[in-house]
Structures are given as C-alpha cells and as structure tokens.
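Below is one structure, written out as structure tokens, with a few remarks after it.
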Amino acid sequence: MRARSSEDTLRELKSRGARRLKQVRFRANRSTIWSLTQDATVLNLHVAYRRAPASILDAFATIVRGRGWRTNAVRDASDRVRDWPGLGPVMDAVRKSHSQRRREALRRCSDDNEITHCCATPEQRRYLRALYRYLNRTRFDGLLPEVPVRLSNRMSASLGHVIPAVDRRRGRYVAELALNVDLMLEGNGAERMDTLVHEMAHIADWLFDGEYGHGTTWKKWARHAGCRAESKYDRPVVRRRRRTQRVTRVPPLPVALRRRAA
Ligand SMILES: [Zn+2]
C-alpha cells in the first residue's frame, strides 16, 4: 500500500460522506492515534494511517460523520481503527525514534510535555492549576483528572477549548484545556470562571459520556456545575489592546481558597 498524502486522505474521507471535514493532519505521535479538533473539522491522524486500507478509511469517515460518539456505529469504528494491525509496528518505530528527544523535552517543559504554545507565566500556571482544582472539588465532586491547562494568545473569537483524544492504552483522555489569555485581564472575573467551568463540563462529558459538543450530556454536566448551558458566550469580554501585548496578570483566587492559604 502506497503512503497517502493529507490531501488524498481528505478527499477519500469526503467521498465517504465526511463533508464538514476541512483538513487531515498526520502526526508521528507516540500514543495518540487520532483526535478531532476545531469543532470536528480537523482530523489528526497517526502517520501509520497513511497506509490504511479502504476499510479503515470507511471507519474514520464514520467517526468524523458521527462527531460526538453518539452511535454504536461510531464506537465500533473507533475500535476497528484502534485494532488495525498496521498501527502497532509504526507506533513502536515512532516511540523508539522519540525516546531520546523525549528526555530533552521533559527537561525543557517541567509541567507537561503535551502543553504547546503556552504563554502563561509560572505564576499564572500555578493560579490556573489551583483554580482548576478548586472548581473540580466544588463543582464536579472532584471527579475530573488533572489535565494540562494552558493560556493561548492566538485565539481570537474563541475563549477556550478542550482537545479530546484517544490513546491506545489509556482510552479517552483530554490532551489539553486552553483558555484565551484575555480572560486573565482585569474585569473578566466572571467570564474566566464561566469559561473554565464550561470547558471542564466538556472534559466530564468526554470522559464519562464519550461525547464531545454541546449536546444533552454536555448540558447535563454544565447544569450540574452551575455554568450557563450555552455554547457561545455573548456577554462582552475585556480584550487586550494589541494581539502582541503580553498579559502577565495573575488574578486573585476565589475567597475560599485565599482563606485556606492564609
Ligand atoms: Zn463548548
């Protein structure tokens, strides 16, 4: 089987009914085999799938069409791509070639080597971690695992996102939770909390219900956690003046947490 390009793969998937898909990206990942990002319009695939047979492309088309794991068909398709025998050897080879670089990457990034393009200062990162833990305890009964939380200075309209992913061994997991750095600005306190809880509801929805999107199961988690069960944030948000402006502000933690620290 000849290796397929991203464009060829995109064309193949579109011809199988995955019409919303805009891009296919191949990644030499060590463990993630696929993930759907940017509102399910970008499919990130392990490089092994460059040589996937037609039956595996059928399965990916089913996954992309399904977007949110709503049907048994999508779950079956997900099992089929995971169990495809062509995956294992390529993944082992990638792991081997990564092993040296991994050590270096871990040394460079003390937090989590999956965080990329994070513009948070160490203080901001500590703040976000404390806030995440606090909200997990008070709004989600402590059910959520720790996930990499990063700040992005590249988001424009969007205030935050969660990247759901599937790992061959771990199963479903969350690759990252990212917040727009504008949310750290003074005057965005309510927006920051609401966006974080909104994104954490996506984490619960993905990990416990296998769904991604703003469907009924996400709404259930959003209501449980007490955030607005709406997909878009329509209240005004304070924005930085220029996109290049660096934001280093660390907002005050919730009063309950400050008392604990005192
Ligand atoms: Zn959302």
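When G66, G86, G17 are checked against the criterion of being at pLDDT 90 or above and of a type outside the set (F, W, Y), G17 stands alone in meeting it.
From the list R65, R19, R27, exactly one residue is charged (D, E, K, R) and farther than 26 Å from T216 by Cα. Which is it?
That would be R27, the only listed residue that is charged (D, E, K, R) and farther than 26 Å from T216 by Cα.
Checking the range 134-157 against the condition returns no match, with no residue being over 24 Å from A120 (Cα atoms), modelled with pLDDT under 90 and more than 13 Å from the chain's Cα centre (by Cα). Inspect the range 160-167 for any residue being away from the ligand (no atom under 16 Å from the Cβ), under 15 Å from A120 (Cα atoms) and within 18 Å of the chain's Cα centre (by Cα) and give the result as yes or no. The answer is no; no qualifying residue exists. Consider the range 207-259. How many of its residues are of a type in the set (G, A, S) and either away from the ligand (no atom under 15 Å from the Cβ) or at pLDDT below 90 (or both)? Residues in the range 207-259 being of a type in the set (G, A, S) and either away from the ligand (no atom under 15 Å from the Cβ) or at pLDDT below 90 (or both): 6 in total.
Of the residues examined, H202 is one that is within 16 Å of the ligand (Cβ to nearest atom), outside the structural domain of W69 (by TED's automatic domain parsing) and not in a loop (DSSP other than H, G, I, E, B). As a summary of the residue check, I163 satisfies the conditions (1) part of a helix (DSSP H, G or I); (2) among the β-branched types (V, I, T); (3) surrounded by 22 or more Cβ atoms within 10 Å (Cβ to Cβ) except for the one numbered (1). Looking only at the range 192-209, decide whether some residue is aromatic (F, W, Y) and in contact with an Asp or Glu (Cβ under 9 Å, 6 or more places away or on another chain). The answer is no; no qualifying residue exists.
The values are calculated or read from the model by the stated rules, or taken from the named source; none is laboratory data. Source: prediction; values computed, not measured. Every residue, glycine among them, receives a Cβ derived from its backbone with ideal geometry; neighbour counts consider all protein chains shown.
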